[in-house]
Amino acid sequence: QVQLVESGGGLVQAGGSLRLSCAASGTFFRLYTMAWYRQAPGKQRELVAHVTSSGSTNYADSVKGRFTISRDNDKNTVNLQMNSLKPEDTAVYYCYADFFTGEYWGQGTQVTVSS
């Protein structure tokens with residue numbers, strides 16, 4: 001089992017920044033593919049960004065150039081730096097891990113961007 005705990009959400013004005021962190025359990029964190037998803041009210045959950053075990057990253061078009069995903073294998077954490085936030089970024093953000101034992105989700109953290 002992999003446990004994921006997110007932190008760093010909150011309320012911010014448009015144009016501001018937030019940094020989300022996700023702490024993961026497990027000895028083999030460096031082998032996990034990690035990702036951030038988000039779900040806005042009335043919408044489907046969508047992929048925001050992911051980082052593979054080798055460090056390759058991918059982003060949704062809507063966040064390219066504004067968000068940066070990074071991982072620290074020594075601390076078993078994955079972070080999402082969010083800059084130039086827009087009201088449409090408002091959502092619950094979920095940390096996700098993919099390992100051969102299965103897929104795992106955090107409990108989510110709310111991000112609200114006011115206009």
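Data overview
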read-out: Overall form of the chain per C-alpha gyration tensor (a/c, 1.5; a/b vs b/c); value: prolate
read-out: Size of charge dipole - the chain - debye, nearest 20, with Cβ of Lys, Arg +1 and Asp, Glu -1, no other charges; value: 160
read-out: Fraction of accessible area attributable to carbon and sulfur, the chain (%, probe 1.4 Å); value: 47
read-out: 1.4 Å probe accessible area per residue over the stretch 15-115, in Å²; value: 51
read-out: Backbone N under 18 Å from the Q81 label point (7 Å along Cα→Cβ), restricted to the stretch 53-73; value: 55-60, 63-73
read-out: In sequence order, calculated HN-Hα J values of the stretch 38-53 (Karplus, 6.51, -1.76, 1.60; Hz; x Gly/Pro); value: 9, 9, 8, x, x, 10, 6, 5, 10, 6, 9, 6, 9, 9, 7, 5
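The values are calculated or read from the model by the stated rules, or taken from the named source; none is laboratory data. Because the structure is predicted, anything quoted here is derived from the model rather than measured. Reconstructed Cβ throughout: ideal geometry from the backbone, glycine too, with neighbour counts over all protein chains shown. Heavy atoms of the whole protein, side chains included, go into the accessibility calculation; ligands, DNA and RNA do not. Shrake-Rupley method; radii C 1.70, N 1.55, O 1.52, S 1.80 Å.
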